[in-house]
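Student: Before I ask anything, let me first share the structure, which is written out below as structure tokens.
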Amino acid sequence: MKSQDIRQTFLQFFKDKAHSIVPSASMVLKDDPTLMFVNSGMAPFKEYFLGNAQPKNKRITDSQKCLRVSGKHNDLEEVGYDTYHHTLFEMLGNWSFGDYFKTEAISWAWELLTEKFEIDKESLYVTVFEGDEGDKTPMDQEAYDIWKNLISEDRILMGNKNDNFWEMGDQGPCGPCSEIHVDIRSAEEKAKIDGKTLVNQDHPQVVEIWNLVFMQYNRKANGNLENLPDKHIDTGMGFERLCMVMQGVQSNYDTDVFTPIIREIETITDKKYIPVRTSRDLSVRDEKIAIAIRVISDHVRAVTFSIADGQLPSNTGAGYVIRRILRRAIRYGFTFLDQKEPFIYRLVDVLVKKMGHAFPELKSQRQLIENVIKEEEASFLRTLEQGLVMLDNIVKHAATKEISGAKVFELKDTYGFPEDLTELILREHKLSYNKTEFDQQLKAQRQRGKQASELKSDDWTVLMEDQIQEFIGYDALEAKVKLTRYRKV
Ligand code: ATP
Ligand code: MG
Ligand code: MG
Ligand code: MG
């Protein structure tokens, strides 16, 4: 089944159960001080769960664009090194706002996976919240009883608060969850080790695919739980992981969500990607070219979707997160795929062709996305080589395992090396750096900047366009792009 049909089958299944299909909300959050990017399907519906707003239909289904690169959920370091965590991914979800509850949520999830998608029941495991006495949260007996009518009891595992209890914060709506995990190992491998022991163990072939959250409590300031008057269902299934299972492959990167991008990278760079076919291939996953190709195919999606949603790379906040992701991709291309010229922007075309029907904003913003990525690549490549030479020197002459924070700061200041990029490269050489010292230097620089801007507080400053380009760099790029867009309209 093609990924496009898998997404559609999911949405249609819940539509047939009286859910309204809604488009993904923007991934970029402008008004939420607690979150920069949507990182789960639930985020856009927060107000419904808090009771501050009422949905038109109490049943909703969607595929939400999520980005997990900052804050509580930060998967950036896994990306490229494993085969199932991405920066940007789609979370398929079905929602009940004070309507149906556990019985339907569980039995429909089971029906969809085992009947509609025909996933072998013998490859699935489910988890149920075991309870936490210290925290006054009871075991989820209800979910257990529903599951045991659907799946043999030795496939139901008990999970702790970390994996099986969801809360928005110290107070407010919360509840237990049940997760569905799938074991995609070969029969031979399965015979060797019981899949049960590999659930939630970061095994690349025994992966979590779906999380069903049962929002039934309100946590009070004193830590006590009270029942919510309206109980809600919040589910999230990783679309790319579902595609991996449905397409019978061993890695998200071997699904048709990624293969067209990977083929394009191979063509441009003249390097070959080794797909993961057997568990043996997973042991060569440290192979640098494969990692670089996975990183780039992942990151180009994150950056493309982000720009389409209005978040351009910049030097602060959410914009800096996007810039860091892109620079990480550029550096992998430079070091491991020998790409000394911009090339990531050339992948946008195939991505838009592949995803444009589901996410029309990609189509309408295509030109902007390509321009921004190309400029960003050109600009970073100009200093990357020099910066890498400097970093190489630092590595060669390192007297201790810990590099000074001032050096890492200088790389950021002079060559635009984001801190985490330097950290990554140092880690490749088994080195670390003095973070405290780095933070001090950064703080001092910000302080100097603040003082400088306070000194020159004219009413306004007129800048000519090339001055802007020369002196303000990225912000100028943003301004220019906005102008072009404006003119087009
Ligand atoms: P994991 O334990 O694998 O990191 P999670 O428990 O953090 O996943 P949830 O917050 O429960 O994930 O999100 C719901 C679903 O979204 C997961 O079951 C998984 O299928 C998918 N998912 C989560 N993180 C990612 C990611 N970084 N890339 C792709 N899919 C993801
Ligand atoms: Mg996670
Ligand atoms: Mg998990
Ligand atoms: Mg989970």
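Laboratory data are not the source of any read-out in this text; all were calculated from the coordinates shown. Quantities reported herein were computed from a predicted structural model and do not represent experimental measurements. All Cβ positions, glycine included, derive from the backbone under ideal geometry; neighbour counts span all protein chains shown.
Student: Any idea which of (1) free of Cβ contacts under 8 Å to residues at least 40 places away in the same chain; (2) out of contact with any Leu (no Cβ under 9 Å at 6 or more places or on another chain); (3) part of a loop (DSSP other than H, G, I, E, B) is the one residue 24 doesn't satisfy?
Tutor: Condition (1) is where residue 24 drops out.
Student: Any chance region 189-199 includes a residue that's buried (at least 18 other Cβ atoms within 10 Å of the Cβ), within 21 Å of residue 233 (Cβ to Cβ) and touching a residue at least 24 places away in the same chain (Cβ under 8 Å)?
Tutor: no
Student: For region 304-323, what are the residues that are among the small types (Gly, Ala, Ser), part of a loop (DSSP other than H, G, I, E, B) and under 24 Å from residue 261 (Cα atoms)?
Tutor: 310
Student: For the subset of region 163-173 comprising residues that are within 21 Å of the chain's Cα centre (by Cα) and part of a strand (DSSP E or B), which member is surrounded by the most Cβ atoms within 10 Å (Cβ to Cβ)?
Tutor: Taking the candidates together, the pick is 165.
Student: Could you check region 121-143 and list, in sequence order, the residues that are of a type in the set (A, V, I, L, M) and either free of Cβ contacts under 8 Å to residues at least 60 places away in the same chain or in a loop (DSSP other than H, G, I, E, B) (or both)?
Tutor: Initial filter on region 121-143 (of a type in the set (A, V, I, L, M)): 124, 126, 128, 139, 143.
Passing the criteria: 124, 126, 128, 139.
Student: Those residues that are more than 30 Å from residue 250 (Cβ to Cβ) and either in contact with a Lys or Arg (Cβ under 6 Å, 6 or more places away or on another chain) or of a type in the set (Phe, Trp, Tyr) (or both), I need them from region 31-90; list them, please.
Tutor: 45, 48, 49
Student: May I ask you to list the residues in region 344-386 that are more than 28 Å from the chain's Cα centre (by Cα) and buried (at least 17 other Cβ atoms within 10 Å of the Cβ)?
Tutor: none
Student: Just one of (1) away from ligand 3 (no atom under 16 Å from the Cβ); (2) farther than 19 Å from residue 210 by Cβ trips up residue 72, so point out which.
Tutor: Single failed check for residue 72: (1).
Student: Scan region 137-173 for residues that are out of contact with any Pro (no Cβ under 7 Å at 6 or more places or on another chain) and within 16 Å of ligand 2 (Cβ to nearest atom) and jot them down.
Tutor: Result: 159, 160, 161, 162, 163, 166, 167.
Student: When the residues of region 200-224 are narrowed to those that are closer than 30 Å to residue 123 by Cα and polar (S, T, N, Q), which ends up farthest from ligand 3 (Cβ to nearest atom)?
Tutor: 216
Student: Looking only at region 145-162, decide whether some residue is within 14 Å of ligand 1 (Cβ to nearest atom), part of a helix (DSSP H, G or I) and surrounded by fewer than 22 Cβ atoms within 10 Å (Cβ to Cβ).
Tutor: Yes, region 145-162 contains at least one residue that is within 14 Å of ligand 1 (Cβ to nearest atom), part of a helix (DSSP H, G or I) and surrounded by fewer than 22 Cβ atoms within 10 Å (Cβ to Cβ).
Student: To continue, here is another question. How many residues are assigned to a strand (DSSP E or B), buried (at least 20 other Cβ atoms within 10 Å of the Cβ) and more than 9 Å from ligand 1 (Cβ to nearest atom) when one looks only at region 47-66?
Tutor: Within region 47-66, residues that are assigned to a strand (DSSP E or B), buried (at least 20 other Cβ atoms within 10 Å of the Cβ) and more than 9 Å from ligand 1 (Cβ to nearest atom) number 6.
Student: Name the helices (runs of 4 or more DSSP H) wholly within region 174-275 that hold at least 1 residues that are within 16 Å of ligand 2 (Cβ to nearest atom)?
Tutor: Of the helices (runs of 4 or more DSSP H) lying wholly inside region 174-275, those with at least 1 residues that are within 16 Å of ligand 2 (Cβ to nearest atom) span 239-246.
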